[in-house]
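Notes for the one structure printed next.
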Amino acid sequence: MARVGYWSYSTHDERMGERRVSEVERRVLSAIDDERIVDDLQALVRIPSVDGTAAEADVQAWCARRLTDLGLSVDHWRIDLPSVTADPEFPGMEVERDQAWGCVGVLGGDGTPGLILNGHVDVVPPGELGLWPDGDPFSARVEDGIMWGRGTCDMKGGVAAILGAVAAIVASGIRLRKPLAVHTVIGEEDGGAGAFATLQRGHTGEACLIAEPTAGCVIPANAGSLTFRLEVAGLATHGSTRTRGVSAIEKFVVIQAALQALEAERNRDPHPLLAHLDLANPLSVGTVRSGDWASTVPDVLVAEGRYGVRLGEPVVEAREAFESAIAEVCAKDDWLRDHPAKVTWPGGAFASGVLPTDDPLLADTLQAATDTGSATPEVKGAPYGSDLRQYAAAGIPTLQYGPGDVRYAHATDEHVRLAEVLHAARTYALLTLRRCGR
């Protein structure tokens, strides 16, 4: 029994699944250092690696040192942003960066890695500091077996679990037949620049597990998402003579109704992996800006939002469906017919991604999770975008399984249960041994 603070994790036989855990595997599991995993997680969370800040470089430097200390062969490089962003396939960015770093560690074996363990180390901004329970979103406070703070759930808990699994394999003296690769990436939250650059550099593998928070489920498919911008024209006039003008706000109301109808249409027949969701392909308007004077009829409105890409739907087709819906509603309105709303697509482009049917990575992950004490995880798709689609597009079978619940990601009560982090470390260790051999 390993015990740290308020939480514990048992690797006793009665907690194992039906498949027998070999003596070699048991030796690796017993080498997992719970306290070091928690220390690593606290260190990671205390680096405020918000997208586009210098701390993104800091956290990658920390990861490179940690992987080097574990004895991995490490590629830590400065990403050539002008070259990467100029690639026609670049997925986009939503923040400005003057630097970006990649980090890949490889352990043991020869040839193509048998498994990639991937985790992003960037985090979204913390928002209003006063809304955090202790006023510090990067405190990594631990209480009653839970760690609180920005990035604990999304997804530094998964990264710490990866490091714990690797450390146990190294400490046990096991020699892997195929290499294990660890990819830590930046920019996942705003498009996926880090994963794109990592794959472009030639870092590949036979399969990939992304340690995103999955609330105990295994996620073999992600829907995608796009950021849209709508510019709606009006005609300015004094508010006291408003009938001489045209309010851009009132014309947006017409367009918003069409957006709601489009969302309903795109959710009539969801993919089976997304059928458990109330909305498999959400469409939401996040910001609306209009007007510069209270007594002036506004002549322009700019709205931005998030548009779901269906599983298996090419991004170009998703955009065409959106643009067609806007064109159709404009054609039916006397003003918008001659002054159609302008549609543009800023920021990141998250295509959908799915694990190929019957790929053994799914069964292997389910077995590893149950053999380390979990009930058999549910298999579900997720409605949000992630780096899964980039690895899948590169021909690498990929799924997600990691500690935490995405409901708390990006929130001011973001947290992760440490028992979930420790279980994930054990799952990753077993999966590595079984995929990479020894």
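We did not get these values from a lab; they are worked out from the coordinates using the rules stated. From a predicted model like this one, the values you see are computed outputs, not experimental measurements. With ideal geometry, Cβ positions are generated from the backbone for all residues, glycine too; neighbour counts draw on all protein chains shown.
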Order by neighbour count: Tyr408, Tyr401, Tyr307, Tyr428, fewest other Cβ atoms within 10 Å first, most last. Tyr408, Tyr307, Tyr401, Tyr428
The chain, dipole about Cα centre (Lys/Arg Cβ +1, Asp/Glu Cβ -1), debye to the nearest 20: 740 debye
Of the DSSP beta bridges with both residues in the chain, give the percent that are antiparallel, rounding to the nearest 5. 75 percent
Can you sort Lys380, Lys178 from fewest to most other Cβ atoms within 10 Å of each residue's own Cβ? Lys380, Lys178
The stretch 298-334 versus the stretch 390-411: alpha-carbon centroid distance in Å: 27 Å
In the chain, lysine pairs with alpha-carbon atoms under 28 angstrom apart (chain gap of 8 or more, or interchain): 5
Given the peptides 280-290, 151-161, arrange them by the average over their residues of other C-beta atoms within 10 Å, most packed first. 151-161, 280-290
Cα Rg, Dmax (largest Cα-Cα span) when computed across the chain, Å: 23.7, 84
Against the rule of thumb 2.2 N^0.38 Å, how large the Cα Rg of the stretch 224-350 comes out: 1.17
So what's the back-of-envelope 222 nm ellipticity for the chain, counting only DSSP H runs of four-plus at -39500 (n - 2.57) apiece and dividing by all residues, rounded to 500? -10000 deg cm²/dmol
Taking R0 as 45 Å, what's the FRET efficiency between Gln260 and Ala86 from their Cβ-Cβ distance, rounded to 0.05? 0.75
Phi-derived 3J(HN,Hα) across the stretch 201-208 with the Karplus relation (6.51, -1.76, 1.60, θ = phi - 60°), rounded Hz, x for Gly and Pro, is 6, x, 7, 9, x, 6, 7, 9
Compute the acute angle (0 to 90°) between the alpha-carbon long axis of helix 418-436 and the principal axis of greatest extent of the alpha-carbon atoms of the chain; round to the nearest 10°. 70 degrees
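Neighbour counts of other C-beta atoms within 10 Å: give me Arg78, Arg242 arranged from fewest to most.
Fewest-to-most ranking of Arg78, Arg242: Arg78, Arg242.
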